[in-house]
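A.B. asks: Quick one: this structure, given as structure tokens, is what I'll be asking you about.
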Amino acid sequence: MLQAIILVLAQTVVLLAVSPFIVGLIRKVKARLQLRRGATVFQPYRDLAKLFRKQPVVSTTTSWIFSATPYLLFATTLAAGLLVPVFASKTPLSFAGNIIALVYLLALGTFFLILAGLDAGSAFGGMGSSREAIVASLTEPAMILSIFAIALTAGSTNLSTIVHKTALLEGVAIDPSPHLMALAALFIVAIAETGRVPVDNPATHLELTMIHEAMILEYSGRYLALVEWASGLKLLVFLTLIANVFAPWGIATTGEPAAFGIGLATYLVKVSGLAVLIAVLESMFAKLRLFRVTDLLGVAFILALLGLVFFYVLRG
């Protein structure tokens, strides 16, 4: 019991501490690729500290939804992160849910963020909320199907069981086609769900293109800090899914302290590498037109579905 409590606390600390670093790393790599100096990778920590010291300004037209959404969004995103194995394959909270619970914890936070965008009564908030609803409705099926392709191999929808069995088999070495398709689908979903280029651009406030930023324009102070921190957490959760579900090499499969140390170091290397990859891709591609985003998400769904079909075809 004591070890389980320590693991939960350790995973919480890792998720909270690493998520701003990942955001800062992406910004730094993009700046260097654009021949700019850029801010330090620790700038997001300073931004969060500055926002937490400021008092939020709340419109008189808003209801309790606007004030409660930052806390609920942060809590649901962190709870979803605790269901995903980070540096140990067996997470103490794995009994609380499987991939379905993970998807709908993230969807619950998105749902309230959409309501908050509408609650402020601004034109930008309503526009961003409508666009986010379209994106969310297309990404959730692709996300579930992509992880199901791996779940069929492990014989379970529990993420800890999937990661543990895959790690003991030293990764995916048999019938790689379904796993590669599911990996590509989940990567596209991660880009869309976290509002990265080419689906959205977190660095712009151009009203014709923004999605996520339009919903949070009315937030300030500690409310904005919680929303931004939750956004970084969500990005880290998706990178953790990609790193540990499809390539769980190095993750701790035993309860030895040395295994935990190696698992943590390997985890940091993997998510940092994925963050650099995202920064490179964002520097190579322009943002898609809004009506082309549905085509990209349709490709993700088809890839995930083909991953399931290929699993049954190759098994037969």
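The values are calculated or read from the model by the stated rules, or taken from the named source; none is laboratory data. Since we're looking at a predicted model, the values are computed, not measured. No Cβ is skipped: glycine too gets one built from the backbone with ideal geometry, and neighbour counts run over all protein chains shown. Surface accessibility is based on the protein's heavy atoms, side chains included, excluding ligands, DNA and RNA. Shrake-Rupley method; radii C 1.70, N 1.55, O 1.52, S 1.80 Å.
A.B. asks: Just name the residue that is most open to solvent (accessible area, probe 1.4 Å) out of those in the range 243-268 that are of a type in the set (V, I, T) and over 17 Å from the mean Cα position of the chain (by Cα).
C.D. replies: Among those that are of a type in the set (V, I, T) and over 17 Å from the mean Cα position of the chain (by Cα), it is I262.
A.B. asks: Just name the residue that is farthest from E132 (Cα to Cα) out of those in the range 270-309 that are of a type in the set (D, E, K, R) and touching a residue at least 40 places away in the same chain (Cβ under 8 Å).
C.D. replies: Ranking the candidates gives E282 first.
A.B. asks: If you go through the range 35-44 one residue at a time, do you hit one that is of a type in the set (V, I, T) and closer than 23 Å to L274 by Cα?
C.D. replies: yes
A.B. asks: Please work out which one of (1) closer than 11 Å to L159 by Cβ; (2) in a helix (DSSP H, G or I) is the condition V84 fails and give its number.
C.D. replies: (2)
A.B. asks: Would you pick out the residues in the range 35-45 that are small (G, A, S) and either open to solvent by 40 Å² or more (accessible area, probe 1.4 Å) or assigned to a helix (DSSP H, G or I) (or both)?
C.D. replies: Matches in the range 35-45: A39 only.
A.B. asks: Still on this model: Yes or no: T76 over 22 Å from N244 (Cβ atoms) and in contact (Cβ under 8 Å) with a residue 12 or more places away in the chain?
C.D. replies: Criteria not met by T76.
A.B. asks: Checking the structure you have, find out if any residue of the range 109-122 is more than 26 Å from L183 (Cα to Cα), hydroxyl-bearing (S, T, Y) and surrounded by fewer than 21 Cβ atoms within 10 Å (Cβ to Cβ).
C.D. replies: Within the range 109-122, one or more residues are more than 26 Å from L183 (Cα to Cα), hydroxyl-bearing (S, T, Y) and surrounded by fewer than 21 Cβ atoms within 10 Å (Cβ to Cβ).
A.B. asks: Moving to a separate point now. Considering only residues of the range 46-87 that are buried (at least 24 other Cβ atoms within 10 Å of the Cβ) and more than 14 Å from the chain's Cα centre (by Cα), which is farthest from L15 (Cα to Cα)?
C.D. replies: Among those that are buried (at least 24 other Cβ atoms within 10 Å of the Cβ) and more than 14 Å from the chain's Cα centre (by Cα), it is F66.
A.B. asks: I need the full set of residues from the range 225-276 which are out of contact with any Gly (no Cβ under 9 Å at 6 or more places or on another chain) and under 17 Å from L159 (Cβ atoms), in order please.
C.D. replies: Answer for the range 225-276, where residues must be out of contact with any Gly (no Cβ under 9 Å at 6 or more places or on another chain) and under 17 Å from L159 (Cβ atoms): F238, L239, L241, I242, N244, V245, V271.
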